[in-house]
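Structure, as structure tokens:
The values are calculated or read from the model by the stated rules, or taken from the named source; none is laboratory data. A quick note: this is a predicted structure, and the numbers were derived from the prediction, not measured. Note that we place each Cβ from the backbone using ideal geometry, even for glycine, and neighbour counts take in every protein chain shown.
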Amino acid sequence: MLPILFKTLPFFALIGLGYWAGRTRFFSQEATAYLTKFVFYFALSAMIFRFAANLELAQVWDGRLVAAYLWGTAFVYGIATLVGFLRKLDVATNAVEAQCAVIGNAGFLGLPMLALLFGPQAIGPVMLVLATDLIVFSSLIVILITVGRGGRMSPGIFKTIGIGLIKNPMIVAMATGLLWAGFKIPIPTPMNDFLSILGGAATPGALFAIGASLASKTTERIEIAGWLSFCKLVLHPAFVAFSALYLFHVDPFGAAMIIACAAMPVAGNIYMLAQHYGVAPQRVSATILVSTALSIVTLTAVIAWVS
């Protein structure tokens, strides 16, 4: 495990540097917000497009992998939901907690980290996980919050979800890149160099932004944050591993990648959703902080195992 720790430590060191910058106010919350925008809309999108445009669609799609990830994720989602109902949570709050239990930081942390640790062949499985999280579970939380607040299932909900997906630069970059690859259009050298330079900023920028954003997070309701972090860092990779290895027999490398993705700490975009809808944002904030801190050990252990 020690050699893997030495490989993952620089990633967490960048997060720590960002945390220090945010905590000392060297980086203000406004600066962090703009850095996050730069990474989200430009650097990470350039990285995803370049990776996707150099892949073949047949190499990316793996029905067994998607089914295995969905089964494992849905099972843990169900456990978190059941526990929430036993605690008499309302539907909206329960949906936010269940989201924390299964949605990891596959975009800002998983994609850059696994691509560097395992090479370009990691991109396909990680993008499938990212697409599943964004399309299936990000849609589910919007539906549950709307219905839980007394809203009705109407075409308007699906219109909102569709617009949200179309406006998501990671989805757009992924889809555009795969279309580019599907038509077998060569990437001109100047364009490839441009994407390479811009995409190169994604890894340090994303990790620094994660740390800086954590500096503004609080640790209220620590016992709930601990439970949800346990779901995300332990139960989620365990059930995805069982699903991938024993139920759907995913190829070893693909299984390793989705298990590693499942071990990622809670994604920051859940906090944005919770804040937007006014549903337990402090609880989500604490869970992101706790899960990210604990993932230094747990994620390193999972990556060492799948390696």
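Please give the number of the condition Gln275 fails out of (1) closer than 30 Å to Tyr41 by Cα; (2) modelled with pLDDT of 95 or more; (3) surrounded by fewer than 24 Cβ atoms within 10 Å (Cβ to Cβ).
(2)
Restricting attention to helices (runs of 4 or more DSSP H) lying wholly within the range 65-167, give those where 1 or more residues are touching a Ser or Thr at 6+ places or on another chain (Cβ under 9 Å), in contact (Cβ under 8 Å) with a residue 60 or more places away in the chain and not hydrophobic (A, V, I, L, M, F, W, C).
Working: elements: 91-102, 111-118, 123-132, 138-148, 155-167.
Once the helices (runs of 4 or more DSSP H) in the range 65-167 are filtered for at least 1 residues that are touching a Ser or Thr at 6+ places or on another chain (Cβ under 9 Å), in contact (Cβ under 8 Å) with a residue 60 or more places away in the chain and not hydrophobic (A, V, I, L, M, F, W, C), what remains is 91-102, 111-118, 123-132.
Can you say whether Lys232 is within 24 Å of Asp90 (Cβ to Cβ), assigned to a loop (DSSP other than H, G, I, E, B) and not aliphatic (A, V, I, L, M), as far as the supplied structure shows? Steps first, answer last, please.
Values: within 24 Å of Asp90 (Cβ to Cβ): yes; assigned to a loop (DSSP other than H, G, I, E, B): no; not aliphatic (A, V, I, L, M): yes.
Here the answer is no, as Lys232 does not meet what is asked.
Select from the range 200-215 the residues that are in a helix (DSSP H, G or I) and surrounded by fewer than 20 Cβ atoms within 10 Å (Cβ to Cβ) and write down the one among them that is farthest from the chain's Cα centre (by Cα). Steps first, answer last, please.
Step one: filter the range 200-215 for residues in a helix (DSSP H, G or I), giving 200, 202-214.
Imposing the further condition that a residue be surrounded by fewer than 20 Cβ atoms within 10 Å (Cβ to Cβ) reduces the set to 200, 204.
Details: Gly200: 19, Pro204: 16 Å.
Here the residue is Gly200.
Quick one: which of Ile197, Ile141 is exposed (fewer than 14 other Cβ atoms within 10 Å of the Cβ), among the β-branched types (Val, Ile, Thr) and at pLDDT 80 or above? Talk me through it step by step, then tell me what you get.
On the way: Ile141 fails: exposed (fewer than 14 other Cβ atoms within 10 Å of the Cβ).
Only one candidate qualifies: Ile197.
Of the residues Leu207, Leu214, Leu195, which single one is in contact with a Leu (Cβ under 6 Å, 6 or more places away or on another chain) and more than 27 Å from Thr93 (Cα to Cα)? Talk me through it step by step, then tell me what you get.
On the way: Leu214 fails: more than 27 Å from Thr93 (Cα to Cα); Leu195 fails: in contact with a Leu (Cβ under 6 Å, 6 or more places away or on another chain).
The conditions single out Leu207.
Every residue in the range 176-193 that is in contact (Cβ under 8 Å) with a residue 24 or more places away in the chain and assigned to a helix (DSSP H, G or I), please.
Thr176, Gly177, Leu178, Trp180, Ala181, Gly182, Asn192
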